[in-house]
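Just below is one structure, and these are the notes that go with it.
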Amino acid sequence: MSAIANALSGLQANATAINIVSTNLANLNTSGYKDEQVSFEDLVNQSLTGFATASSVSGSTTAQGTQQFTQGTLQTTGNPYDAAIQGGGFFVLQDPSTGQQVYTRQGNFSVNAAGDLVSASGQMVQGWNAVNGTLVTSGATTNIQLPSGLAQPPIATTAFSLSVDLASNAAVGSAAGTFSSPIQVIDSQGNTHTLTVTYTETSANNWSYSVTIPSADVQGGSGTSTTVGSGTLTFDANGNLSSPGSTTGPVALSIPTLNATGAPMNVNWNLYSAAGAPLISQNTTTSANLSNTQNGLQSGQLSSMSIGNDGQVVATFSNGQTENVAQIALASVANPSSMVQLDGNSFAPTGLTAAPVIGTPSTGARGSITGGSLETSTVDIATEFTNLLTFERGYQANSKVITTEDQIVQQTIALIPSA
């Protein structure tokens, strides 16, 4: 009977192993899934005789599956709320019905009707939300809730710069001796106005300039344009701007009261970079506008949100600006294999699990987060099919042992003479 018991334990162990392999194969395409590795242990019967101990191997314990937390491949999806972990750590989730905190590597998130960032199984993603535009990650984590109806107010232009190369070989009074640089500035209500800087060569290495705005933009304006500033630019023999000098400061422009806002504008024209390099030069070439910048900003409406690198949730506005509205948290677990697997490809700590340490990505033992990507399953189909064949052979062998032992028992019984 011991042979049957041994074979029966082998049947049970191999059946469990086949079930683990089938679970791995079923999750071949589950993002963030970590394959289970099957392990067997021998079952030892011990008997005591006097002071001596005798032991003999008697079968196999039920096979055990251990989660292998190896790194999966990161696959770009382009979905705005997908996120993948490169390195250690887990996303932190909270069950909305029980309040239980669980952990996962699966990052195919979405936004529910209430604006919460949730996992595929509806659990709340944990992290930090920006308050009044400020993101602080030193406090306790909470449900990440994405704001709706965000808007950015306009910012009036207070300074602009023009990078221009003027023709040193232009003849005074010729068409080449006059050149212009238009630039748009923004008022306090987000309206745009075009300022035009016109350069006119007056003599070798000397150019006069005037800055104008369309008269229709200002109150009491007459004619086609209204002048808001004028002066002279002088260049040295190398074509570098020498006057006004870098220590003189920017050219202050005073724009009369605007029709759009009922208020004037004061704007500085920077002739030099922050490092003191002249932005306007003179060379033997055709006059050209190279670049321009201004520090005003039109109002912007929220156009999209997405998870960026390191798990920051970024809002993009219609004016091209971005704003960080939330930060996804990660938890590091020293012994993740001790956790128990739950539905939804998530894990819960057990009594043997070291306390999870929650923080921002790329700190401590926590990996980095890549937005718009998912971590693929670590299941290797070739390995799993090889294991499946091995466990099936083990199951068949133990089944054969039971059949053979039954035949031996039947034959033995047949040898007993009937009464």
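The values are calculated or read from the model by the stated rules, or taken from the named source; none is laboratory data. Source: prediction; values computed, not measured. Note that each Cβ is placed from the backbone with ideal geometry, even for glycine, and that neighbours are counted across all protein chains shown. Keep in mind that these areas ignore ligands, DNA and RNA; they rest on the heavy atoms of the full protein, side chains included. Shrake-Rupley method; radii C 1.70, N 1.55, O 1.52, S 1.80 Å.
Within segment 171-184, restricting attention to residues that are under 18 Å from Ser291 (Cβ atoms) and of a type outside the set (Ser, Thr, Tyr), the residue that is least open to solvent (accessible area, probe 1.4 Å) is Ile183.
Quick one: is Pro153 within 30 Å of Leu253 (Cα to Cα), open to solvent by 60 Å² or more (accessible area, probe 1.4 Å) and in contact (Cβ under 8 Å) with a residue 12 or more places away in the chain? Yes.
Residues of segment 329-364 that are in a loop (DSSP other than H, G, I, E, B) and among the aliphatic types (A, V, I, L, M): Ala329, Val333, Ala334, Met339, Leu352, Ala354, Ala355. Considering Thr232, Thr227, the condition of being loosely packed, with under 15 Cβ neighbours inside 10 Å, among the polar types (S, T, N, Q), within 13 Å of Leu195 (Cβ to Cβ) and at pLDDT 95 or above is satisfied by Thr227 alone.
When each of Asp187, Asp165 is tested for being of a type in the set (D, E, K, R), within 18 Å of Ser254 (Cβ to Cβ) and surrounded by 14 or more Cβ atoms within 10 Å (Cβ to Cβ), the lone residue that passes is Asp187.
Condition check ((1) surrounded by 15 or more Cβ atoms within 10 Å (Cβ to Cβ); (2) hydroxyl-bearing (Ser, Thr, Tyr); (3) under 30 Å from Gln126 (Cβ atoms); (4) modelled with pLDDT of 90 or more) across all residues:
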{"position": "Thr350", "(1), (2), (3), (4)": "no, yes, yes, yes"}
{"position": "Thr360", "(1), (2), (3), (4)": "yes, yes, yes, yes"}
{"position": "Gly371", "(1), (2), (3), (4)": "yes, no, yes, yes"}
{"position": "Arg393", "(1), (2), (3), (4)": "no, no, no, yes"}
{"position": "Asn398", "(1), (2), (3), (4)": "yes, no, no, no"}
{"position": "Gln410", "(1), (2), (3), (4)": "no, no, no, no"}
{"position": "Leu415", "(1), (2), (3), (4)": "no, no, no, no"}
{"position": "Ser418", "(1), (2), (3), (4)": "no, yes, no, no"}
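Hey, does segment 38-47 have a residue that's touching a helix residue (DSSP H, G or I) at 6+ places or on another chain (Cβ under 7 Å), surrounded by 19 or more Cβ atoms within 10 Å (Cβ to Cβ) and at pLDDT 75 or above? Checked against the condition, which is being touching a helix residue (DSSP H, G or I) at 6+ places or on another chain (Cβ under 7 Å), surrounded by 19 or more Cβ atoms within 10 Å (Cβ to Cβ) and at pLDDT 75 or above, segment 38-47 yields at least one hit. Checking the stated criteria, Ala83 turns out not to satisfy the condition of being modelled with pLDDT of 90 or more and either outside any strand (DSSP E or B) or aromatic (Phe, Trp, Tyr) (or both). Sort out which residues of segment 368-413 are of a type outside the set (S, T, N, Q) and not in a helix (DSSP H, G or I), and write them in order of number. Selection gives Ile369, Gly371, Gly372, Leu374, Glu375, Val379, Asp380. When segment 318-328 is filtered for residues that are within 29 Å of Ala140 (Cβ to Cβ) and either outside any strand (DSSP E or B) or touching an Asp or Glu at 6+ places or on another chain (Cβ under 9 Å) (or both), the ones remaining, listed by number, are Gln327, Ile328.
Annotation: Thr194 fulfils all but one of (1) hydroxyl-bearing (Ser, Thr, Tyr); (2) more than 23 Å from Leu241 (Cβ to Cβ); (3) open to solvent by 60 Å² or more (accessible area, probe 1.4 Å); (4) in contact with an Asp or Glu (Cβ under 9 Å, 6 or more places away or on another chain); the unmet one is (3). So if I check each of Val314, Val340, Val325, which one is surrounded by fewer than 19 Cβ atoms within 10 Å (Cβ to Cβ), within 13 Å of the chain's Cα centre (by Cα) and of a type outside the set (Phe, Trp, Tyr)? Testing whether each residue is surrounded by fewer than 19 Cβ atoms within 10 Å (Cβ to Cβ), within 13 Å of the chain's Cα centre (by Cα) and of a type outside the set (Phe, Trp, Tyr) leaves just Val314. Within segment 4-32, the set of residues being closer than 30 Å to Asn108 by Cα and either outside any helix (DSSP H, G or I) or open to solvent by less than 30 Å² (accessible area, probe 1.4 Å) (or both) comprises Ala17, Ile20, Val21, Asn24, Asn27, Leu28, Asn29, Thr30, Ser31, Gly32. Every condition in (1) part of a loop (DSSP other than H, G, I, E, B); (2) within 30 Å of Ser188 (Cβ to Cβ); (3) open to solvent by less than 40 Å² (accessible area, probe 1.4 Å) is met by Pro147 except one, and the failing one is (3). State whether one or more residues within segment 184-200 are outside any loop (DSSP other than H, G, I, E, B), free of Cβ contacts under 8 Å to residues at least 40 places away in the same chain and either touching a helix residue (DSSP H, G or I) at 6+ places or on another chain (Cβ under 9 Å) or on the phi > 0 side of the Ramachandran plot (or both). Within segment 184-200, one or more residues are outside any loop (DSSP other than H, G, I, E, B), free of Cβ contacts under 8 Å to residues at least 40 places away in the same chain and either touching a helix residue (DSSP H, G or I) at 6+ places or on another chain (Cβ under 9 Å) or on the phi > 0 side of the Ramachandran plot (or both).
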